[in-house]
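The values are calculated or read from the model by the stated rules, or taken from the named source; none is laboratory data. All values derive from a computational prediction rather than experimental measurement. Here the Cβ positions follow ideal geometry from the backbone for every residue, glycine too, while neighbour counts run over all protein chains shown. Note: areas computed on protein heavy atoms with side chains; ligands, DNA, RNA excluded. Shrake-Rupley method; radii C 1.70, N 1.55, O 1.52, S 1.80 Å.
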Amino acid sequence: MTEKSPANNFPAGYEVPKVWTWEKGNGGQFANINRPIAGPTHEKELPVGKHPLQLYSLATPNGVKVTIMLEELLAAGHTGAEYDAWLIKIGDGDQFGSGFVDVNPNSKIPALMDRSTPEPTRVFESGSILLYLANKFDAFLPKDHKARTETMNWLFWQMASAPYLGGGFGHFYAYAPMHIQYAIDRFAMEVKRQLDVLDRHLADNRYMAGSDYSIADIAIWPWYGNLALGKQYGESGTFLDVQSYKHLQRWTAEIAERPAVKRGRIVNRVFGEPSEQLHERHDASDFDTKTQDKIAAAGTAKA
């Protein structure tokens, strides 16, 4: 018989201390970069390219939101949205360099510097960056009061909901040093509820805010679309039965076919197939010449 803790009826083991203290070796896969304090750990300036918009990021779902947005703006003819995308290797702690912390004191990707303004403008938090760019270029944010409000509703829904998917379910299902049934059950239940929210809404709407593609779709797709495609957290698509959410699947597939989405999802990507990795992006031609498979092929040809 498993011994229970009388205070909470959980299996005995970890006794919660009166005051928490940081044990540096306790943190699983991300123990080397997680810490309970803010601020830089080292001096390192950020590079600056030729375009007004300088993005410092990695192709996590939050990073992909911004590169999709920038590619969508360019596809729509907004030439002022040309950008340099610099790779921030969060596993190496690049986000704790002094230059990055100056742009985002929270040390999280993505971070954007807009150098087209009288004084350079820093923008951090992916939702804030999407809204900033939508306002700057008057794009992907409906003018109609109802549709605009609905866009904002779903943008902020994503910002509030995704931590349950990533930091909750994703962490305990894929990254934690041990599987804990209580934690996986807790967050799997919540993620499936969120998938049902999306599926029910998309049963009556082509896009998140109605008939028009918007920053709400751009915010939600890298998280929930990727999950629906079975491309997030190993076998989690099967575990969560994502194929059963038919309306979500329809929306996911339609957005996945957008050329700007195909481009944006590979910028600052350092994992997966070499053809889907463009570590840095400084020009539209980079998609044709500087993906990892093209670089490898060029190196082989020279040899």
(message) Quick check on my filter: what residues within segment 262-279 are in contact with a Ser or Thr (Cβ under 6 Å, 6 or more places away or on another chain) and not in a loop (DSSP other than H, G, I, E, B)?
(response) GLY264, VAL267, SER275, LEU278
(request) Collect the residues in segment 101-125 that are in contact (Cβ under 8 Å) with a residue 60 or more places away in the chain and over 22 Å from GLY77 (Cα atoms), keeping them in residue-number order. (result) VAL101, PRO105, ASN106, SER107
(request) Residue by residue through segment 272-298, note down the ones that are touching a residue at least 60 places away in the same chain (Cβ under 8 Å) and surrounded by fewer than 13 Cβ atoms within 10 Å (Cβ to Cβ). (result) ALA284
(request) Would you please list the contacts, defined by Cβ atoms under 6 Å and residues six or more apart or on different chains, that run from a residue in segment 23-38 that is farther than 16 Å from GLY97 by Cα to a residue that is of a type in the set (Gly, Ala, Ser) and at pLDDT 70 or above? (result) GLY28/ALA176
(message) Condition check: under 28 Å from PHE239 (Cα atoms), out of contact with any helix residue (DSSP H, G or I) (no Cβ under 8 Å at 6 or more places or on another chain) and of a type in the set (A, V, I, L, M). Does MET208 satisfy that?
(response) no
(message) So THR149 passes all but one of these: (1) of a type outside the set (Gly, Ala, Ser); (2) more than 17 Å from ASP217 (Cα to Cα); (3) open to solvent by 30 Å² or more (accessible area, probe 1.4 Å). Which condition number does it fail?
(response) (2)
(request) Kindly provide the set of residues from segment 252-268 that are within 14 Å of the chain's Cα centre (by Cα) and open to solvent by less than 30 Å² (accessible area, probe 1.4 Å), ordered by number. (result) VAL261, GLY264, ILE266, VAL267, ASN268
(request) Taking only segment 199-220 into account, find how many residues are out of contact with any Leu (no Cβ under 6 Å at 6 or more places or on another chain) and either acidic (Asp, Glu) or open to solvent by 10 Å² or more (accessible area, probe 1.4 Å) (or both). (result) 13
(request) Could you identify the single residue in ALA209, ALA253, ALA219 that is at pLDDT 95 or above and either farther than 22 Å from VAL191 by Cβ or not assigned by the TED database to the domain that holds ALA188 (or both)? (result) ALA209
(message) Taking the conditions exactly as written (surrounded by fewer than 20 Cβ atoms within 10 Å (Cβ to Cβ) and not in a helix (DSSP H, G or I)), does ASP196 satisfy them or not?
(response) no
